[in-house]
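Structure, as structure tokens:
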Amino acid sequence: MATFSVKPSFVSHTIKSTARNRPAILLAIGVSIFAASICYWSMSRGVGITADSLVYLGAAESIAAGRSVTTVASHYTPLLPAGAPLTIFPPAYPLMLAALIKLGFPVTLAAKWLNAVITAVTVLLIGIITCLGTRGSLAATIVSVLFFVTSAQFFNIYTLAWSEAPFIMFCLLTLVLIMMHVARPHRAVLIAAALAAGFAMLTRYVGVTIIPAMIVTVLFSRRGRPRDRLNDSVLLIIVSVLPLSAWLIRNLLLTNSAAARSLAFHLPGRSDFELFMNSLALLWMPWNISLGWKIPLLACAGALITAVTILVISKSKENHEAAAPLLTGTFAAMYLSFLFIYNSFMNPAVEFDTRVLAPLFIFVNLTAVTAIYQVGKSRRNKSWWPAFLAAAFLLIVVNAAHAVPFMIQRHDNGSGYASREWSESATVDFLKRSNDGRIIYSNGVDVIAFLTGKDALRLPAKIDPVSWQVNQDFDRQMEAMKIEVAQQRAVIVYFDRIQWRYYLPSREELEQSYKLPVMQQLGDGVVFGSQ
């Protein structure tokens, strides 16, 4: 049986590094506990729930019940029955939830506790990366963790049952382990980094973008012979892609589709670019100034960070000192490139919202802090670091002013389908009280399932939201539904609050184009049906 021995040099280096970084690590631990407490407090009404959340939670309950990774009936899969294999999302997040369900947690409580723990681990990992990249600088660690803790957008993401939080955590863990290996090569640490990267890919498919960052860093920052570095790179690739490869093969065998995606050529347009810039502005500068001012500021900051990172990598006397900005900067660049390439050639396209761009925010911040710190060490650029600290703390204070009321609002009102407005919905209350045995059609089948426990069928879609293919049977399906309504075999429950499902007929179309009879008007919706 193969074993991994821990070399004395590796142990001594780790001990020395820990001693040097102790104040900054202790600070990161303290902030991580504080952040987790605020995150948990913000979820007083429960973890936030969206349509994606219900797919994750349903898959977790399926795994815990011993039914493998299966999907639930949702707006994604109207023709796919509940219990079919899940392929559109990878399984790591549902698996984590299922482990907590097995321990006796209800699924939503499991998600709430998992979010709080992941928040703490994320802050701690950000602190560790900063310590490793700045030789234990207390000021740099403070800036890095506060960038995260004072972001309203991140508390939004980390209080929802989404896979972004564990994905970011696994990516950060990968980076920590790669930096440890670069500083003091050790095969066990390298394999651990590859496994962490594998879990990142099993959490979100976009996790494949971490592979180039790992390889570039090992090849150009790791000490030792070129042959050893090349061997390390090959090992990283093989171990990291094994879990995802097994998952994709499973999907192909069960559904003839690796990830429920299809090829399609559609370059991002002006609206995509505008959303992209708006999202970046919300992440870094959620202030009440026009986007016309924010775009030049973001462009200048991006150009400065890129230039400083290149300078650090090219001028570093010891390659391993450049590992932090090289690793984080390469990952940020690959992640962003992947998003634009994916949206140009694949369906379903992703929206460039703050949720999708969240990893970019974290890794660009880490790149900026570690690169500018290293440039600021030279006598020629001695003023850079104090100037950066002043700008960073100003940004942190202004962003905190937006984050605090946001967290209070989240605490008071909840989020998504777990929010106060949904729990007090007149349409939901109607469904809870109704004992009508008729079939329910709706634009909110996920809402109905989550809040009432009742089954519903999705309204016919004009296009498939996954493949973007036009539904050739739309008119026939609408006519069949109208007949069911007229014969008192079905009702249509329409939620006015759900405005984002562009692929479904609107309320106005149901009333004016299809002349469906209104059975009951409600405060936030309408029920179509024959009395």
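The numbers here are math on the coordinates, done by the rules we state, and not lab data. From a predicted model like this one, the values you see are computed outputs, not experimental measurements. Heads up, the Cβs are rebuilt from the backbone with ideal geometry, glycines too, and the neighbour counts pull from every protein chain shown.
Find, to one decimal place in angstroms, the Kirkwood hydrodynamic radius of region 149-225, where the mean of 1/r is taken over every pair of different Cα atoms and then inverted. Averaging 1/r across every pair of different Cα atoms and inverting gives 13.3 Å. Mind checking region 257-317 for chymotrypsin sites (Phe, Trp or Tyr not before Pro) that DSSP puts in a loop (not H, G, I, E or B) and that have at most 13 other Cβ atoms within 10 Å? Within region 257-317, the qualifying chymotrypsin sites (Phe, Trp or Tyr not before Pro) (loop, at most 13 other Cβ atoms within 10 Å) are Phe265. Axis angle, to the nearest 10 degrees, between helix 92-102 and the longest C-alpha principal axis of the chain: 70 degrees. In plain terms, if you count all Cα to Cα distances in region 176-277 and split them into 5 Å steps from zero, the share in each step is 2, 12, 19, 16, 13, 11, 11, 9, 5, 1 percent. Which aspartates and glutamates have a Cα lying under 16 Å from the Cα of Lys515, excluding residues fewer than 8 positions away in the same chain? Here the aspartates and glutamates satisfying the reach criterion relative to Lys515 are Asp475, Glu479, Glu484. Footprinting exposure proxy ranking of Val239, Val308, fewest other C-beta atoms within 10 angstrom first, gives Val239, Val308.
Amide H contacts of Leu457 (H built 1.01 Å from N, in plane; Pro and chain starts excluded): Ile440, Tyr441, Ser442 sit under 5 Å, all sequence-distant by 5 or more or on other chains. Once backbone amide H atoms are built at 1.01 Å from N, Ser262 has Asn347 as its partners under 5 Å, excluding neighbours fewer than 5 places away on the same chain. Are there any trypsin sites (Lys or Arg not before Pro) in region 296-376 that are in a DSSP loop and have at most 14 other Cβ atoms within 10 Å? List them by number. Of the trypsin sites (Lys or Arg not before Pro), the ones in loops of region 296-376 whose Cβ has at most 14 other Cβ atoms within 10 Å are Lys317.
Translational diffusion coefficient of region 88-210 (Stokes-Einstein, Kirkwood radius from Cα pairs, 4 °C, 1.567 mPa s): 84 µm²/s.
Phi angles across region 406-423 convert, under the Karplus curve 6.51 cos²θ - 1.76 cosθ + 1.60 with θ = phi - 60°, into 3J(HN,Hα) values of 5, 5, 5, 5, 5, 5, 6, 10, x, 8, x, 6, 9, 7, 4, 5, 6, 5 Hz, Gly and Pro given as x. Ordered by the number of other Cβ atoms lying within 10 Å of each residue's own Cβ, fewest first, Ile310, Ile211 fall into the sequence Ile310, Ile211.
Roughly how big is the chain's charge dipole about its Cα centre, with Cβ charges of +1 (Lys, Arg) and -1 (Asp, Glu), in debye to the nearest 20?
For the chain, the charge dipole is close to 2360 debye.
Farthest toward the positive end of the dipole of the chain, out of Leu242, Gly414, Ala323, is the Cα of Ala323, where the dipole comes from beta carbon charges about the Cα centre. At most 13 other C-beta atoms within 10 Å and a DSSP loop state: those are the exposed GluC sites (Glu not before Pro) I care about. Give me the longest piece of the chain that has none. Result for the longest clean stretch: 1-317. Set the Cα radius of gyration of region 425-528 against 2.2 N^0.38 Å, with N its number of residues, and you get 1.02. Arranged from fewest to most other beta-carbon atoms within 10 Å of their beta carbon, Cys39, Cys131 become Cys39, Cys131. Shape class for region 389-467, computed from the alpha carbon gyration tensor (a ≥ b ≥ c): oblate, with a/c not under 1.5 and a/b at or below b/c.
Measure nothing fancy, just the Cα-based angle from helix 270-284's long axis to the longest principal axis of the chain, in degrees from 0 to 90, nearest 10. The angle comes out at about 60 degrees.
Our helix-only sum for the chain, with -39,500 (n - 2.57) per DSSP H run of n ≥ 4 divided by its residues, gives a mean residue ellipticity at 222 nm of -21000 deg cm²/dmol.
Each Cα pair of region 361-431 feeds into the Kirkwood radius, which the Stokes-Einstein equation turns, at 25 °C and 0.890 mPa s, into a diffusion coefficient of 156 µm²/s.
Once R0 is set to 60 Å, what does the formula 1/(1 + (r/R0)^6) return for the Cβ-Cβ distance between Val234 and Met519, expressed as a FRET efficiency to the nearest 0.05?
Plugging the Cβ-Cβ distance into 1/(1 + (r/R0)^6) gives 0.35.
Seen against the Cα atoms of the chain and their longest principal axis, helix 210-221 is set at about 10 degrees.
For the chain, the normalised intensity computed at q = 0.07, 0.11, 0.13 Å⁻¹ comes to -0.44, -1.03, -1.37 (log10 of I(q)/I(0), Debye sum over alpha carbons, equal scatterers, no solvent). For the residue pairs Lys432/Lys462; Lys454/Lys482; Lys102/Lys432; Lys294/Lys377, the C-alpha atoms sit more than 24 angstrom apart in Lys432/Lys462; Lys102/Lys432; Lys294/Lys377. Roughly what % of DSSP beta bridges within the chain run antiparallel, to the nearest 5? Restricted to the chain, the bridges split so that about 60 percent are antiparallel. Mind grabbing the base-10 log of I(q)/I(0) for region 302-451 at q = 0.11, 0.13, 0.17, 0.18 Å⁻¹? Debye formula, identical points on the C-alpha positions, no solvent, two decimal places. Result of the Debye calculation: -0.70, -0.83, -1.06, -1.11.
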